[in-house]
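Student: Quick one: this structure, given as structure tokens, is what I'll be asking you about.
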Amino acid sequence: MAWANNVLRVNLTEGTTSNEPLNMEWAGLYLGQRGLATKYLAEEIDPKCDALGSGNKLIMTTGPLTGTMASTGGRYSVVTKSPLTGAVACSNSGGFIGAELKAAGYDMIIFEGKSPRPVYLYVENDKVEIAPADEIWGQSVWAADEWLHKKYQDPLLRIAAVGRAAEKGCLYAAVVNDLHRAAGRSGVGTVMASKNLKAVAVRGTKGVGNIKDPGAFMQAVNAGKKVLAENAVTGQGLPTYGTQVLMNVINEVGAMPTRNMREVQFEGASKISAEAMHEPRESDGKPNLVTNAGCFGCTIACGRISTIDRGHFSIENKPQYWGASGGLEYEAAWALGSDTGVDDIDALTYANFICNEDGIDPISFGATVAAAMELYQIGAITKEQTGGVELKFGSAEALAWATEVTCRGEGFGLDLGMGSKRLCEKYGHPDLSMTVKGQEFPAYDPRGIQGMGLTYATSNRGACHLRSYTVSSEVMGVPEKTDPLVTEGKPELVKAFQDATSIVDSSGLCVFTTFAWTLEDIAPQVAAACGGDWTAESMLEAGERIWNLEREFNLAAGLTAADDTLPKRLLTEPAQTGPAKGNVNRLHEMLPKYYEVRGWNEQGVPTDETRQRLSL
Amino acid sequence: MLRALQIEPEKCTGCLQCELACSYQAEGVFNPAKSRIKVFTFHDEGRFIPYTCTQCSEAWCMHACPVEAIVLNEETGSKDVLADVCVGCKVCTIACPFGTVNYNQDTKVVYKCDLCGGDPECAKACPTAAITYVDADHTGLARMRAHAAASAN
């Protein structure tokens, strides 16, 4: 029934491993991946625990469609309590290791406790080994990947690892898999490193075979692939331009956060856009973009594989970066570029490579550098802290330097590794931190896209675009166009997107499919693979259940309705240019109604009636 | 008309849909580890290259087999393994210059591409037409056309 019905539990304190059947009652309520792992986490840890203490757990989890032929069916998530936000963290990644884990016969791995010494986990089907990682501790993700591949002499070994930034306590460190895919947000890599767990290496040769109704499944899968191929976004836009297709579009609607969100349009946007990645360089006539790439089973293939100009200052004496690697996605290009005012596409690509090499979230990192640049501009941070570096908006050299020291956890990089909230508090200007619940904003200014303000304020993992991507409706008109400057109807829209996304993230599929697919396209695939009564309606209800489960975890962790807010800048300083000129985000017009449509009381707590309705 | 698999690596995104389709057709599981077609990633160059048996006319594997377990399928031109005849000696895996015949530890016999009996699943599953099933006399046609277009400019 698509699930492997097998959980691998790893006690790092004791150095022991065990297997247990998946809780199928919970699988019926929460499906898999995000929802199901959050249920395990909520049941097994104290929500008030220290995220970096041995009481926290880290769950690497697949969904029921992970490892199948369903398009994009290769996703996995890392679920834990976040050290950045203190809230629940669930970071989703593609690449290949999720499907490999499923093919090895596991739905999820639950890591408990803390190893007394650096270790990695090796999984080859039923063979599981906790092995010493002394030789790769203190090394980058890429170095660890190379070492493990050499040690096992297996080119098909799939590896997820943390880098030096995570070891040094950077609060937004990622778990990087397959060299340049990442469970990127909320510091899930920091938690992994806090357990002295350097890497997870997986080889699975069993495959995924227990499909409930194979004929119906292949029919639903092929119908789904056809819809993706024929859709303008998933069939043309994303494969050709990647998520970077958005750079010029969002800039034009005046929702491109610029220079620590002081402005809403970036004059250098076209220089760091998807179109720019296709332009041949003057030096060697080659474009930044080498090819697009697909994750496991993905028929969209939005991934970017890029090179940096060999003559660029960042790599001219570093041949190790002359080859191709994971290129700029829109979020990284925005955070590293527009938000820092840097319009040098080679510098951004270099920073992106380094973020992958040592495993940090380029969104939180870029936004933290942007905050540091503003603090430098007003004199709160000086050359004394930066060791002489001029940390100015627009400086490609400063960006490259900041990336290197943060990734290695050296000097001022340790300050940058705290994230924007703690950095701005340390230097006396908490209002300059563009964060919600301690997590940095992504690339959509909520003054120009009102629904995104509510999205950010109520996201269960802090500011995040992937919890309810109302940009889809407010800018792109999918599934139907709404006015980005209007607040009416947005509470209902945000709720619908949050619930639908929660269940897509629990299936093993990629949320990017939803530019073309609705739950009506997804439900037949889930139902045929899993059995049971999975319809669009029951999936949406499960999504709502998952959202409320996360909310209750956060409330138990100590968060309150007061945390459902936005930085003062976005609520009081109007956009200066573009179609949103004169607008602030009008969160107060949306939040009370949102609580109401959620079935929560005025304190943002789910009512007993809501809890009963959702079987919580 | 015989047809053959035509592979155009420059179109491949490395998604492994071909491996999933192949393993599901042949083994009943979604399992790249048991696929007859393999996609190789050349990371530093940003290239993905699918590779499988080209169905040699004078097939080394077929000639090397001591028990005649590899036979010509007259209809499709494929060289097929007769699993119930194969003794798992692996001589064919040594004889094949391209590595496209391999041993399966679970079944204890070798396996290779059989063109799915004339309707290859990999080609149907490929989202970018990097793998197509075309007239065996003209597998170079698309490449010739591209070069013709380039030479005209």
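The values are calculated or read from the model by the stated rules, or taken from the named source; none is laboratory data. What you see is a predicted model; the values in this text were computed from it and never measured. Cβ: placed from backbone, ideal geometry, glycine included. Neighbour counts: every protein chain shown. The accessibility values were calculated without ligands, DNA or RNA, using every heavy atom of the protein model including side chains. Shrake-Rupley method; radii C 1.70, N 1.55, O 1.52, S 1.80 Å.
Student: At 0.36 nm per residue, minus the direct Cα-Cα distance, what do A:Arg611 and A:Val486 gain on full extension? Give it in nm, one decimal, please. If you can, show how the numbers build up before the last one.
Tutor: Values: separation 125, 0.36 × 125 = 45.00 nm, distance 3.09 nm.
Here the answer is 41.9 nm.
Student: Relative contact order of the stretch A:374-489: what whole-number percent is it, with Cα pairs under 8 angstrom and at least 6 residues apart? Show your work: numbers first, answer last.
Tutor: Values: 146 pairs, mean separation 17.5, N = 116.
Computed value for the stretch A:374-489: 15 percent relative contact order.
Student: Once a ≥ b ≥ c are taken as the square roots of the eigenvalues of the Cα gyration tensor of the stretch A:7-203, is the result rounded (a/c under 1.5), prolate (a/b larger than b/c) or oblate (a/b not larger than b/c)? All intermediate terms of the calculation are to be shown ahead of the outcome.
Tutor: Details: a/c = 1.39, a/b = 1.08, b/c = 1.29.
Since a/c stays below 1.5, the shape of the stretch A:7-203 is classed as rounded.
Student: How far is the Cα center of the stretch A:55-94 from the Cα center of the stretch A:208-283, in Å?
Tutor: Between the Cα centres of the stretch A:55-94 and the stretch A:208-283 lies a distance of 22 Å.
Student: Which aspartates and glutamates does B:Lys108 reach when only Cα atoms under 18 Å apart count, and residues fewer than 8 places away in its own chain are ignored?
Tutor: Within reach: B:Glu27, B:Glu68, B:Asp80, B:Asp84.
Student: Among the aspartates and glutamates, which have Cα under 13 Å from the Cα of A:Lys114 when same-chain residues fewer than 8 positions away are ignored?
Tutor: A:Glu14, A:Asp50
Student: Separate question: Applying the Karplus parametrisation 6.51 cos²θ - 1.76 cosθ + 1.60 with θ = phi - 60° to the phi angles of the stretch A:2-10, what ³J(HN,Hα) value in whole Hz is obtained for each residue in order, glycine and proline being reported as x?
Tutor: Karplus-based 3J(HN,Hα) across the stretch A:2-10 equals 6, 5, 7, 6, 8, 10, 9, 10, 10 Hz.
Student: Further question on the same structure: Scan around A:Val478 for amide H atoms under 5 Å from its own, H built in the peptide plane at 1.01 Å from N, and keep only partners 5 or more places away or cross-chain.
Tutor: A:Ser473
Student: To the nearest 10 degrees, how steep is helix B:17-27 against the longest Cα principal axis of chain B, on a 0 to 90 scale?
Tutor: 20 degrees
Student: Please list, in chain and number order, the residues 5+ apart from A:Gln439 or on another chain whose amide H is under 5 Å from its amide H, with Hs placed from the backbone.
Tutor: Correct list: A:Ala463.
Student: Only four residue types carry charge here, +1 at the Cβ of Lys and Arg and -1 at the Cβ of Asp and Glu. Report the dipole size of chain A about the Cα centre in Debye, rounded to the nearest 20. Don't skip to the end; give the middle numbers.
Tutor: Numbers: 56 positive and 74 negative charges, 126 e Å.
Magnitude of the dipole: close to 600 debye.
Student: When ligands, DNA and RNA are left out and all protein chains stay put, how many square angstrom of accessible area per residue does the stretch A:440-613 have with a 1.4 Å probe? Don't skip to the answer; put the middle values down first.
Tutor: Details: 5920 Å² over 174 residues.
Heavy-atom SASA per residue in the stretch A:440-613 reads 34 Å².
Student: Let me have the 222 nm mean residue ellipticity of the protein assembly as shown computed from DSSP H runs of 4+ only, each contributing -39500 (n - 2.57), with the sum over all residues rounded to the nearest 500. Intermediate results must be reported in sequence, preceding the final value.
Tutor: On the way: 30 runs with 264 residues, N = 769.
Only helices count here, giving -9500 deg cm²/dmol.
Student: Obtain the nm distance between the two label points defined at A:Glu397 and A:Glu44 by a simple spin-label model: each point lies 7 Å from its Cα along the Cα-to-C-beta direction.
Tutor: About 5.0 nm separates the two model spin labels.
Student: Ordered by residue, what ³J(HN,Hα) values in Hz, to whole numbers, does the stretch A:514-522 give under the Karplus form 6.51 cos²θ - 1.76 cosθ + 1.60, where θ = phi - 60° and Gly and Pro are x?
Tutor: For the stretch A:514-522, the Karplus curve yields 6, 5, 10, 8, 9, 5, 5, 7, 7 Hz.
Student: With 30 Å as the limit, write out which pairs from A:Lys168/A:Lys421; A:Lys151/B:Lys79; A:Lys198/A:Lys392 have Cα-Cα distances beyond it, or answer none.
Tutor: Details: A:Lys168/A:Lys421 18 Å; A:Lys151/B:Lys79 37 Å; A:Lys198/A:Lys392 35 Å.
Those over the limit are A:Lys151/B:Lys79; A:Lys198/A:Lys392.
Student: Something else now. With just the Cα atoms of the protein assembly as shown, tell me how far they stretch along each of the three principal axes, in Å, largest first.
Tutor: Computed over the Cα atoms, the extents are 81, 64, 53 Å.
Student: Between A:Ala89 and residues 5 or more places away or on another chain, which pairs have amide H atoms under 5 Å apart, with H built 1.01 Å from N, and which residues are they?
Tutor: Distant-sequence amide H within range of A:Ala89: A:Thr80, A:Lys81, A:Ser82.
Student: If you average 1/r over every pair of different alpha-carbon atoms in the stretch A:258-433 and take one over that average, what Kirkwood value in Å do you get?
Tutor: Working: mean 1/r = 0.0609 Å⁻¹.
Here the Kirkwood hydrodynamic radius works out to 16.4 Å.
Student: Give me the accessible area of A:Glu492, 1.4 Å probe, in Å² rounded to the nearest 10.
Tutor: Accessible area of A:Glu492: about 80 Å².
Student: Could you name the lysines whose alpha carbon sits less than 20 Å from that of A:Lys286, not counting residues in the same chain fewer than 8 places away?
Tutor: In chain and number order, the partners are A:Lys271, A:Lys318, B:Lys11.
Student: Also, I was wondering about something else. Compute the distance from the alpha-carbon center of the stretch A:1-39 to that of the stretch A:296-318, in whole Å.
Tutor: Measuring centre to centre over Cα atoms gives 36 Å.
Student: Provide the per-residue ³J(HN,Hα) series for the stretch B:32-41, in order, calculated from phi with Karplus coefficients 6.51, -1.76, 1.60 and θ = phi - 60°, each as a whole number of Hz, with x at glycine and proline positions.
Tutor: These are the phi-based 3J(HN,Hα) values: x, 5, 10, 7, 7, 9, 10, 9, 9, 9 Hz.
Student: Another question, then. Heavy-atom accessible area per residue, the stretch A:220-262, 1.4 Å probe: how many Å²?
Tutor: Working: 1520 Å² over 43 residues.
Accessible area per residue, the stretch A:220-262: 35 Å².
Student: Right, another one. Please report how far the C-alpha centroid of the stretch A:532-582 lies from that of the stretch A:334-390, rounded to the nearest whole angstrom.
Tutor: Result: 27 Å between the Cα centres.
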